[in-house]
Amino acid sequence: MGLERPYNCLLVIFGGTGDLARRKLYPALFNLFVDGFLPPALRVIAVGRRNFTQDSFRQEILLPSLQTFSRRASDLDAHFEPFATRLHYFRTDIYDPEGYTRLGRFLVELEEAADCQGNRIFYLAVAPDHFGPVVRSLKETGLVPARGWQRVVIEKPFGHDLPSAAELNRQLRAAFSEVEIYRIDHYLGKEMIQNIMVIRFANTFFEPVWNNKYIDHVQITSAETVGVEDRGGYYDRAGALRDMVQNHLLQLVTLVAMEPPASLATEAVRDEKVKVLRSLRPLDAAAVNRNVIRGQYGAGEIDRQTVPPYRREKEVAPDSTTETFVALKLFIENFRWAGVPFYLRTGKRLPVKVTEIILQFKSLPDILYFKEYGELRPNLLVIRVQPLEGVYVQLNAKRPGNNNYIVPIRLDFCQNCEVGVNSPEAYERLLYDVMRGDPTLFTRWDEVEAAWQFVDPIAAAWMARPPLFPNYAAGQWGPPAAQELLIRDGRHWWQEDELLPERG
Ligand code: NAP
């Protein structure tokens, strides 16, 4: 993180008793506190409906959240008390106008007591249906405009399709300007995602070959072994296309494919990202049927444990047609990428938890080294995002000995394999950036808009053709069609065991 300190402010978290606040926001704030990155006068106001006193909130919500989810839990003895005094629980219903008036008075009191200079951040960690009404109430009851600066943080999903996203944006813009709106895509807060631009633009040997002359294709995988856990109600309405592809995976595509920005200034970076999204070849219904594969898991095994089918998960309809897996092939129609397929896949209940980007370089002609010397493998650049964070490059090299036998070797950098390396969580970086006013790692409206423009025709084509679900067993890499998507192009999804060096 940079050295500049974020400004003093109040951070109001609507949904301060919810899952996101407990699993991500409080642990991130605590980690920032321990590392000295919080502004000295910051006060956090957790808004919820449940009946807590300050003390019971700290003991029943805050402390267990940090014990369970903070990477700095071992620092709790020394730091919990001073951290907890910065958090205040405020009980109200977000549909009660009088509650906003009380909240407004409370914020002024805090601003006067602590030196917060009238700066306010509103974090909407509530269900998406509440985003618009909360923002409208903030404006109608005078909590915004703030005396100092003001910002609003919006969780995903940002709409359900382009019309609903545009409507949400209109509601936000009635109270906040575009630069005050921080749309979270937490993938952008991950260490290795931020590293993509550095790898590309700070190394001489990647940029010259980062194009359709040298790259055969790109694979992006974001796989989870878990099912829907406690979020079946939300997920069953969203599905993998809206939950993962529209935001996280397309954001990864932009970072891999963008042109070098004119500078690292926020808008310069976003300008290049949005150009990628606008260059995506649109998919008509025939292209969707051919190039987009959807799946839903049935019963199966993960880590030798039997797991139930998706349709038997909590809060999921027993005849649900929601997809839990998507694989697709897309093309970016610009000079750099014309003709290079990008294969994306994401899903739940897959065999391993992994997010990674693989760039496969074009094969060399078999002129010097023929089959008799071993199989010449393509060069790969693999960017591992999670759970391992790192980069490795696959090359061909001579096996030691008196012949020219060739084996693949791997130059491997693993950032979090060493004991003691404890990378910051995505939400640490994102909250820090909101406090210091840097929206580079948040999505601008035109990015969201272009992403929905690409995704909506897929959803529409699917609506017209009911799926035959379930079509993969939990623990498999999606339905067979996901493999065929690459096989018919003479390619295959790289599996972990293939990426290991051969033993001679
Ligand atoms: P959640 O566990 O259901 O929490 C909802 C929160 O909203 C609770 O604090 C609840 O307060 C509050 N709330 C609901 N209705 C309210 C009302 N009328 N007045 C005042 N407060 C009200 O939801 P969540 O999982 O944290 O998700 C929050 C947001 O983050 C959603 O937009 C979700 O899509 C997004 N998100 C969540 C995750 C995640 O991992 N959980 C990940 C990505 C994005 P009480 O409990 O006091 O009633």
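The values are calculated or read from the model by the stated rules, or taken from the named source; none is laboratory data. Treat the numbers as computed from the prediction; the structure is a model and nothing was measured. Glycine gets a Cβ as well: all are built from the backbone with ideal geometry, and neighbour counts include every protein chain shown. In case anyone asks, the SASA skips ligands and DNA or RNA and just uses the protein heavy atoms, side chains included. Shrake-Rupley method; radii C 1.70, N 1.55, O 1.52, S 1.80 Å.
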Checklist entry - In this structure, does Arg49 turn out to be within 10 Å of the ligand (Cβ to nearest atom), among the charged types (D, E, K, R) and open to solvent by 10 Å² or more (accessible area, probe 1.4 Å)? => result yes
Next on the checklist: Being open to solvent by 30 Å² or more (accessible area, probe 1.4 Å) and either in contact (Cβ under 8 Å) with a residue 12 or more places away in the chain or on the phi > 0 side of the Ramachandran plot (or both) is the filter here; which residues of the stretch 474-483 pass it?
Outcome noted: Gln476, Trp477, Ala481
Checklist entry - Among the residues of the stretch 245-301, how many are surrounded by 17 or more Cβ atoms within 10 Å (Cβ to Cβ) and under 19 Å from Glu323 (Cα atoms)? => result 18
Item to check | Only one of Lys348, Lys362 that is surrounded by fewer than 20 Cβ atoms within 10 Å (Cβ to Cβ) and either in contact (Cβ under 8 Å) with a residue 12 or more places away in the chain or under 18 Å from the mean Cα position of the chain (by Cα) (or both) | outcome: Lys362
Next on the checklist: Taking the criterion of being open to solvent by 40 Å² or more (accessible area, probe 1.4 Å), out of contact with any Asp or Glu (no Cβ under 7 Å at 6 or more places or on another chain) and over 14 Å from Thr440 (Cβ atoms), would at least one residue in the stretch 187-201 satisfy it?
Outcome noted: no
Item to check | Number of the exception - Phe469 against (1) buried (at least 21 other Cβ atoms within 10 Å of the Cβ); (2) within 23 Å of the chain's Cα centre (by Cα); (3) part of a loop (DSSP other than H, G, I, E, B) | outcome: (2)
Item to check | Residues of the stretch 181-212 satisfying the condition of being in contact (Cβ under 8 Å) with a residue 40 or more places away in the chain and part of a loop (DSSP other than H, G, I, E, B) | outcome: Ile184, Asp185, Lys190, Phe206, Trp210, Asn211, Asn212
Next on the checklist: For the structure I just gave you, tell me whether Gly104 is over 30 Å from Gln251 (Cβ atoms), within 10 Å of the ligand (Cβ to nearest atom) and in a helix (DSSP H, G or I).
Outcome noted: no
Checklist entry - When you go through Asn291, Asn247 one by one, which is the residue that is away from the ligand (no atom under 16 Å from the Cβ) and within 23 Å of Ala482 (Cβ to Cβ)? => result Asn291
Next on the checklist: Let me spell it out: the conditions are (1) more than 18 Å from Glu178 (Cα to Cα); (2) surrounded by fewer than 18 Cβ atoms within 10 Å (Cβ to Cβ), and Ala166 meets all of them except one. Which number is the exception?
Outcome noted: (1)
Item to check | Positions within the stretch 150-171 being within 14 Å of the ligand (Cβ to nearest atom) and closer than 25 Å to Leu10 by Cβ, in sequence order | outcome: Val152, Val153, Ile154, Glu155, Lys156, Phe158, Leu168
Item to check | Leading residue by the ranking (farthest from the ligand (Cβ to nearest atom)) among those in the stretch 52-98 that are farther than 13 Å from Leu29 by Cα and assigned to a strand (DSSP E or B) | outcome: His88
Checklist entry - Given the residues Ala127, Ala146, Ala114, which is the only one that is among the hydrophobic types (A, V, I, L, M, F, W, C), within 16 Å of the ligand (Cβ to nearest atom) and in contact (Cβ under 8 Å) with a residue 24 or more places away in the chain? => result Ala127
Item to check | Whichever residue in the stretch 445-461 is over 12 Å from Arg278 (Cα atoms) and open to solvent by 30 Å² or more (accessible area, probe 1.4 Å) and, among such residues, is nearest to the chain's Cα centre (by Cα) | outcome: Trp445
